[in-house]
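One structure below.
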Amino acid sequence: MAKKQIRVQIFPDGQIKADVIGIKGKSCTDYIEILEQLLDAETIDSEYTDEYYETEQVEIQQQDVNQIKTREGGV
């Protein structure tokens, strides 16, 4: 699994550039509002990387739970 990270660059003129790396699909855009709040900034331009158009595979584990009912109807 790729390492997930956000790279933030702050330039001498005050401009801020942020790159989301290792986060596939539209979920990368969830970080825009968080970054705006943390940096006290406003997004004026945005470009999508190739990862935006990819899907992230998520592994789901299912656990079976068996319940035993007593004659009184409780568990």
Next on the checklist: When you scan the range 52-60, do you find a residue that is open to solvent by less than 70 Å² (accessible area, probe 1.4 Å) and either at pLDDT 70 or above or part of a loop (DSSP other than H, G, I, E, B) (or both), even just one?
Outcome noted: yes
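Listed here are the residues, each with its yes/no results for (1) surrounded by 10 or more Cβ atoms within 10 Å (Cβ to Cβ); (2) outside any helix (DSSP H, G or I); (3) at pLDDT below 85; (4) hydroxyl-bearing (Ser, Thr, Tyr).
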{"residue": "Gln9", "(1), (2), (3), (4)": "no, yes, no, no"}
{"residue": "Ala18", "(1), (2), (3), (4)": "yes, yes, no, no"}
{"residue": "Glu36", "(1), (2), (3), (4)": "yes, no, no, no"}
{"residue": "Ala41", "(1), (2), (3), (4)": "yes, yes, no, no"}
{"residue": "Thr70", "(1), (2), (3), (4)": "no, yes, yes, yes"}
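The values are calculated or read from the model by the stated rules, or taken from the named source; none is laboratory data. If you're wondering where the values come from, they're calculated on a predicted model, not measured in any experiment. Cβ: placed from backbone, ideal geometry, glycine included. Neighbour counts: every protein chain shown. These area figures cover heavy atoms from the full protein model, side chains too; ligands, DNA and RNA do not enter into them. Shrake-Rupley method; radii C 1.70, N 1.55, O 1.52, S 1.80 Å.
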